[in-house]
Amino acid sequence: MTVKKFLNSLANGKIDIIQLFLDQLAILKIDYCVIGGLGVNAYAEPVASLDLDLVLAIEDVERMLNTISKPRGEFTVIKFPHSINLAHTDSDLRIQIQTDERYQSFIKNSSVKNVLGYQMKVAALEDLLNGKIWAYSDEERRKSKRQKDLADIMRLVETFPNLIEKLPEKIRKLIS
C-alpha cells in the first residue's frame, strides 16, 4: 500500500481529496504553501494527520472558493475570522486555509517537497516553525490543538537542533 493510499484510507476517502485540491490550485494557477502538521512532515519524521493546513495567495482565495464551493463545486465552505475550512462528503480529511496576513510571506519562501507521497509547496523550515510558535502561543486555541502544535515544534527541534535558539524562552523551557 502506498503512503497516499494509506492516508486516504485513514481519512475514509472515497476519492483523493488532497490531489483533487492540489489539482484545482494548479488549474487556477493559485500560489500556496502547506503549513501545519503536514508541512512539518516534509522536514521531520512523518505522522498521520487528517488536516491539510495551507496558505493561499490572499488575492486568490475568493476565486478558489467560488470554484470549489457547493452547489457549483464539491466542497462545503465554513468561514472563521482567520481561516476557512473546507469539507468534502467523500473524505474525513479537513482542509483549512489560513487567512491571517502574517502567513502570506510564507508563500514566497516555500519550495516543492514530497509529503506523504504528494508533491506540494511547503513553507520554509523557519517559517513553519514560526507558524507553529504563533499557533501554540494563541491561548484562545483549544488545549489539545496547542499540545499538537507543541509536539510539532518538538519534532522540528529534534530534527534540527539549531532551531532551539529560535524559540521563545517559555517554549524552550517546555521542551528542554
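A quick yes/no check of all residues on (1) more than 16 Å from I95 (Cβ to Cβ); (2) in contact with a helix residue (DSSP H, G or I) (Cβ under 8 Å, 6 or more places away or on another chain); (3) of a type in the set (D, E, K, R); (4) not in a loop (DSSP other than H, G, I, E, B):
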site	(1), (2), (3), (4)
V34	no, no, no, yes
G37	no, yes, no, yes
A44	yes, yes, no, no
S49	no, yes, no, no
D60	no, yes, yes, yes
M64	no, yes, no, yes
T67	no, yes, no, yes
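Has region 133-142 got at least one residue that is small (G, A, S), at pLDDT 95 or above and either loosely packed, with under 15 Cβ neighbours inside 10 Å or over 15 Å from the mean Cα position of the chain (by Cα) (or both)?
Yes, region 133-142 contains at least one residue that is small (G, A, S), at pLDDT 95 or above and either loosely packed, with under 15 Cβ neighbours inside 10 Å or over 15 Å from the mean Cα position of the chain (by Cα) (or both).
Just wondering, is there one or more residues in region 99-118 that are of a type in the set (A, V, I, L, M) and part of a strand (DSSP E or B)?
Residues of region 99-118 that are of a type in the set (A, V, I, L, M), as a first pass: 107, 112, 115-116.
Applying the additional criterion that residues be part of a strand (DSSP E or B) yields 112, 115.
Within region 99-118, one or more residues are of a type in the set (A, V, I, L, M) and part of a strand (DSSP E or B).
Pick from region 1-18 the residues that are under 25 Å from R155 (Cβ atoms) and surrounded by fewer than 19 Cβ atoms within 10 Å (Cβ to Cβ): which of them is modelled with the highest pLDDT?
T2
When you scan region 106-126, do you find a residue that is of a type in the set (D, E) and either farther than 30 Å from K170 by Cα or without any contact (Cβ under 8 Å) to a residue 24 or more places away in the chain (or both), even just one?
no
Taking L128, is it in a helix (DSSP H, G or I), modelled with pLDDT of 95 or more and touching a Gly at 6+ places or on another chain (Cβ under 6 Å)?
Yes: the conditions hold for L128.
Only residues that are farther than 10 Å from M120 by Cβ and surrounded by fewer than 23 Cβ atoms within 10 Å (Cβ to Cβ): list them for region 20-36, please.
Within region 20-36, L20, D23, Q24, A26, I27, L28, K29, I30, D31 meet the criteria.
Take the residues of region 131-143 that are of a type outside the set (V, I, T) and in a helix (DSSP H, G or I): which is farthest from C33 (Cα to Cα)? Walk me through it before giving the result.
From region 131-143, those of a type outside the set (V, I, T) are 131-132, 134-143; that's our starting set.
Subset that is in a helix (DSSP H, G or I): 131-132, 134-137, 143.
Values: G131: 12, K132: 14, W134: 17, A135: 17, Y136: 20, S137: 22, K143: 25 Å.
So, considering only residues that are of a type outside the set (V, I, T) and in a helix (DSSP H, G or I), the one farthest from C33 (Cα to Cα) is K143.
Collect the residues in region 90-122 that are exposed (fewer than 15 other Cβ atoms within 10 Å of the Cβ), under 14 Å from D16 (Cβ atoms) and of a type in the set (S, T, N, Q), keeping them in residue-number order.
Q119
In region 26-56, what count of residues is obtained for those that are hydrophobic (A, V, I, L, M, F, W, C) and touching a strand residue (DSSP E or B) at 6+ places or on another chain (Cβ under 7 Å)? Full working, then the answer.
Filtering region 26-56 down to residues hydrophobic (A, V, I, L, M, F, W, C) leaves 26-28, 30, 33-35, 38, 40, 42, 44, 47-48, 50, 52, 54-56.
Now restrict to residues that are touching a strand residue (DSSP E or B) at 6+ places or on another chain (Cβ under 7 Å): 30, 33-35, 38, 42, 50, 52, 54-56.
Count: 11.
When region 149-172 is examined, which residues are found to be over 18 Å from the mean Cα position of the chain (by Cα), surrounded by 13 or more Cβ atoms within 10 Å (Cβ to Cβ) and not basic (K, R)?
Let us first name the residues in region 149-172 that are over 18 Å from the mean Cα position of the chain (by Cα), namely 157-172.
Among the residues that remain, those that are also surrounded by 13 or more Cβ atoms within 10 Å (Cβ to Cβ) are: 157-160, 163-164, 166-167, 171-172.
Those that are over 18 Å from the mean Cα position of the chain (by Cα), surrounded by 13 or more Cβ atoms within 10 Å (Cβ to Cβ) and not basic (K, R): V157, E158, T159, F160, L163, I164, L167, I171.
Take I68 and decide whether it is surrounded by 18 or more Cβ atoms within 10 Å (Cβ to Cβ) and modelled with pLDDT of 90 or more.
no
Got a sec? Which of Q98, Q119, Q104 is touching an Asp or Glu at 6+ places or on another chain (Cβ under 9 Å) and of a type outside the set (S, T, Y)?
Criteria check complete, one pass: Q98.
The values are calculated or read from the model by the stated rules, or taken from the named source; none is laboratory data. The structure presented is a predicted model; accordingly, all values stated were derived computationally and were not measured. Reconstructed Cβ throughout: ideal geometry from the backbone, glycine too, with neighbour counts over all protein chains shown.
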